[in-house]
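The values are calculated or read from the model by the stated rules, or taken from the named source; none is laboratory data. Predicted, not measured: the structure shown is a model, and the values here were computed from it. Positions of Cβ are backbone-derived with ideal geometry, glycine not excepted, and every protein chain shown enters the neighbour counts. To get the accessible areas, we keep the full protein, side chains included, count just its heavy atoms, and leave off ligands, DNA and RNA. Shrake-Rupley method; radii C 1.70, N 1.55, O 1.52, S 1.80 Å.
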Amino acid sequence: MKEYVFLNGKYVEADKAVIPVRTHAFLYGTSVFEGIRAYYNEEEKQLYAFRMKEHYERMLRSAKVMFMNSPYTVEEYMEINIELLKKNGYKQDVYIRPTLYKSAIKVGPGLYDNEDSYLVFTTPFGNYYDAAAGLNVCVSSWRRTSDNAIPPRAKVSGAYANAALIKTDAHNFGFDDAIVLSEAGQVTEGSAMNMMFVRNGKLITTNTTDDILVGVTRNTIIELAGDLGIEVEERAVDRTELYIMDEIFCCGTGAQITPIASVDKRVIGDSGKIGPVTAQLQKLYYDVVKGKVSKYKHWCTPVYD
């Protein structure tokens with residue numbers, strides 16, 4: 001079966017979707033992107049794109065930071081996305097990668113006199129991490145880029161060189177991933193996911209002003225926790241607090257909800273196993289994204305008629 005990509009206003013076969021080698025975004029990392037999941041509900045024979053609207057709204061905020069003029073509205077992006085998923089005809093979970101990019105054929109990093117183009121591809125996608133086993137992570141020696149350098153609140157492709165160094169070093173030292181500190185020495189997020197902590201039954205996460213990408217999944221979990229009666233606190237988190245948390249989990253479109261078993265070889269909680277708060281949120285989340293919970297079904301956009 002042919003696979004399609006949407007590129008510069010057209011649905012084209014994936015193996016024919018190419019951009020010139022001198023494209024500005026390729027040379028300088030001047031693109032913004034999103035990662036969106038669509039989940040297949042076997043019982044309903046339906047594919048649900050999860051919080052697609054919120055992802056495209058965030059993409060347009062990132063575009064504003066990068067002096068980009070969007071060629072489409074949020075609603076038009078969603079229509080393009082649904083049509084692409086239909087054309088590819090998936091009956092499994094899918095990852096969606098929309099990218100708005102500087103497409104001038106020019107040398108020099110300036111964002112001015114530099115047109116904007118759009119592409120989106122989709123691909124089958126399962127679990128990014130083993131959500132049952134839990135991750136063994138370290139605190140990275142690299143620091144998260146700051147708001148006055150490459151702002152993490154904008155999902156800029158060039159900024160992911162930072163994430164690549166963090167993730168690679170963690171892997172090379174025998175860890176699954178890493179938690180990253182700011183230049184001030186406080187916790188920001190993971191290599192490419194937000195962090196959540198549980199202490200005395202309270203869910204804790206870092207502030208939106210602590211050099212993090214304000215995650216759609218993060219915001220989802222905060223809302224779900226509130227509805228479950230779990231107290232949520234957003235605040236600065238020190239490095240050594242990581243070692244004494246009752247539970248830690250990472251969250252994101254790719255990561256979903258994945259427990260952390262240890263940090264810097266220190267076991268989290270009593271056993272490093274998934275904790276009760278994490279387990280409760282994880283179960284609800286997996287039901288919500290597949291459109292199984294009516295209260296949150298407005299977050300799930302059906303693809304098939």
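Worth pointing out:
- On the stretch given as region 41-55, residues that are surrounded by fewer than 19 Cβ atoms within 10 Å (Cβ to Cβ) and not acidic (D, E) total 4.
- Checking R97, R143, R153, R58 one by one, the residue that is in contact (Cβ under 8 Å) with a residue 40 or more places away in the chain, within 30 Å of D305 (Cα to Cα), of a type outside the set (A, V, I, L, M) and open to solvent by 50 Å² or more (accessible area, probe 1.4 Å) is R97 and no other.
- Just one of the numbered conditions (1) outside any loop (DSSP other than H, G, I, E, B); (2) more than 17 Å from C300 (Cβ to Cβ); (3) open to solvent by 10 Å² or more (accessible area, probe 1.4 Å); (4) in contact with a Phe, Trp or Tyr (Cβ under 8 Å, 6 or more places away or on another chain) is not true of F67: (1).
- In region 238-281, the residues that are at pLDDT below 95, open to solvent by 30 Å² or more (accessible area, probe 1.4 Å) and in contact with a strand residue (DSSP E or B) (Cβ under 7 Å, 6 or more places away or on another chain): G269, I274
- Top-ranked residue in region 83-92 [being in contact with a strand residue (DSSP E or B) (Cβ under 7 Å, 6 or more places away or on another chain) and open to solvent by less than 40 Å² (accessible area, probe 1.4 Å); ranked as nearest to G110 (Cα to Cα)]: L84
- Out of L100, L47, one residue alone is among the hydrophobic types (A, V, I, L, M, F, W, C), assigned to a strand (DSSP E or B) and in contact with an Asp or Glu (Cβ under 7 Å, 6 or more places away or on another chain). It is L100.
- Unmet requirement for L203, which otherwise passes all of (1) assigned to a strand (DSSP E or B); (2) within 24 Å of K167 (Cα to Cα): (2)
- Within region 156-182, the set of residues being in a loop (DSSP other than H, G, I, E, B), among the hydrophobic types (A, V, I, L, M, F, W, C) and surrounded by 17 or more Cβ atoms within 10 Å (Cβ to Cβ) comprises F175 only.
- Only one of R266, R239, R218 that is under 26 Å from G35 (Cα atoms) and of a type in the set (K, R): R218
- Selection status of T208, of a type outside the set (A, V, I, L, M), closer than 27 Å to Y286 by Cβ and outside any loop (DSSP other than H, G, I, E, B): no
- Count of region 123-174 residues, restricted to those that are of a type in the set (G, A, S) and touching a Gly at 6+ places or on another chain (Cβ under 8 Å), is 5.
- Some residue of region 258-267 being under 24 Å from G190 (Cβ atoms) and in a loop (DSSP other than H, G, I, E, B): yes
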